[in-house]
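Reading through the structure tokens given below for one structure.
Taken together, the values in this text are just the output of simple stated rules run on the coordinates, not laboratory data. None of these values were measured; they are calculated from a predicted model. Cβ atoms come from the backbone with ideal geometry, glycine included; neighbour counts cover every protein chain shown.
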Amino acid sequence: FARLRDGLSQSSSKLTEGITGLFLKRKLDDEALEELEELLITADLGVTTAAKLTASLAKERFGRDVTGEEVRKAFAEDIAEILEPVARPLAIDRAKKPHVVLVVGVNGSGKTTTIGKLAHQWRDEGLKVMIAAGDTFRAAAVEQLKVWGDRTGAPVISRDTGADAAGLAFDALKEAEAAGADVLLIDTAGRLQNKKGLMDELQKIVRVLKKMDPDTPHDTLLVLDATVGQNAHSQVEVFKEMVNVTGLVMTKLDGTAKGGVVVALADRFGLPVHFIGVGETAEDLRPFKAEDFARGLMG
Ligand code: GDP
């Protein structure tokens, strides 16, 4: 929790200093509510969620004198309530052999790093993990995955630059089955500049996997960089159109003032948030916990 609190310190100081500045002790009137709503919006909680939070506060305390601390506590409770339904761990089914996890997201969002962290975590839990380097166009991504593979002992299945990603996914699933792997993590390309091309590629990967096993991929994780703030909304929309996104991973929550976007996304899409990234090392991937996050955000 300390790490998360530190990570969210920029988001929370923006909010807490703002709230404290507004409310040393002040009557909760329309003007105060408006200022609070504005503050929540600038902290990336989004218009709808900000309105919902201030309405809930008004319902209980309108016209009363409130302190900043009371306001923060009330918000933290309501935010935890919004986050509770989406804070769901990703359960690996050991019976699957392999449990196939497709990982999607725009370049730079932290896909490769997240895959490395997951491989590390699951290996520590005694699972046999394999990785498919499905971003076949970016040699650097493949190299980076191999470094993680060496670090975690997870075999990385790769092909030459430019090879067909779906073909690679197909081969990787066969290899993972043959090796009795518990988990197969499949990295993918994230060239959103070529949306149609990316959609075709991702859909072909899914089609080919389903041909081998209709239940695969068992999970499709969308990795989102929290520092992009409101842009994360359009990324969710775009990827939901392309594939059946089953859960989110929010990265780079260390040192961003935009952590509030997680609440807005939860409120809007209701997609499970499985993990959050709070740094670049293998240990810096945490299960998403509603109350910890809400408290971290509200100082
Ligand atoms: P990809 O293009 O989606 O595969 O993204 P990468 O995994 O290569 O990540 C892009 C950059 O973000 C790299 O420099 C990572 O080290 C960094 N990164 C990924 N996750 C986190 C995180 O949770 N916190 C921080 N601070 N950096 C991260």
When each of Lys97/Lys195; Lys111/Lys174; Lys96/Lys195; Lys14/Lys146 is checked by Cα-Cα distance, pairs over 30 Å = Lys97/Lys195; Lys96/Lys195; Lys14/Lys146
Please list the non-local residues whose amide H lies under 5 Å from the amide H of Ala132, H modeled 1.01 Å from N, same-chain partners needing a gap of 5 or more.
-> Ile157, Leu185, Ile186, Asp187
For Val100, list long-range residues whose amide hydrogen, built 1.01 Å from N in the peptide plane, is under 5 Å from its own amide hydrogen.
-> Leu184, His218, Asp219
GNM of the chain, Cα pairs under 10 angstrom: of Lys252, Lys289, Lys25, the biggest fluctuation goes to Lys25
So Arg61 and Glu31, fully extended at 0.36 nm per residue minus their Cα-Cα distance, gain in nm 9.4 nm
The chain, Gaussian network, Cα under 10 Å: of Ile131, Ile92, Ile115, the residue fluctuating most is Ile92
Rounded to whole angstrom, the alpha-carbon centroid of the range 1-57 lies from that of the range 93-167 at a distance of 38
Not counting the cut sites, what is the longest span of the chain without GluC sites (Glu not before Pro) that DSSP labels loop and that have at most 14 other Cβ atoms within 10 Å?
-> 126-279
Run the dipole for the chain about the Cα centre, Lys and Arg Cβ at +1, Asp and Glu Cβ at -1, nothing else charged, and hand back the magnitude in debye, nearest 20.
-> 540
Taking R0 as 35 Å, what's the FRET efficiency between Asp215 and Thr48 from their Cβ-Cβ distance, rounded to 0.05?
-> 0.50
Percent relative contact order of the chain, based on C-alpha pairs within less than 8 angstrom and at least six residues apart?
-> 29
Nonlocal amide H pairs with Gly299, under 5 Å, H built at 1.01 Å = none
Computed helical MRE - 222 nm, the chain, DSSP H runs ≥ 4 contributing -39500 (n - 2.57), nearest 500 = -16500 deg cm²/dmol
Based on the inverse mean of 1/r over its pairs of different Cα atoms, what is the Kirkwood hydrodynamic radius of the chain, in Å?
-> 20.0
A student asked for the Cα radius of gyration and Dmax of the range 188-299 in angstrom ought to give 15.1, 49
Please find, in a Gaussian network model of the chain (springs between Cα atoms separated by less than 10 Å), the residue of Ala133, Ala141, Ala179 whose mean-square fluctuation is greatest.
-> Ala179
Loop-located chymotrypsin sites (Phe, Trp or Tyr not before Pro) in the range 1-94, at most 12 other Cβ atoms within 10 Å (DSSP) = Phe1
Computed over the Cα atoms, what is the radius of gyration of the range 98-251 divided by 2.2 N^0.38 Å, N being its residue count?
-> 0.95
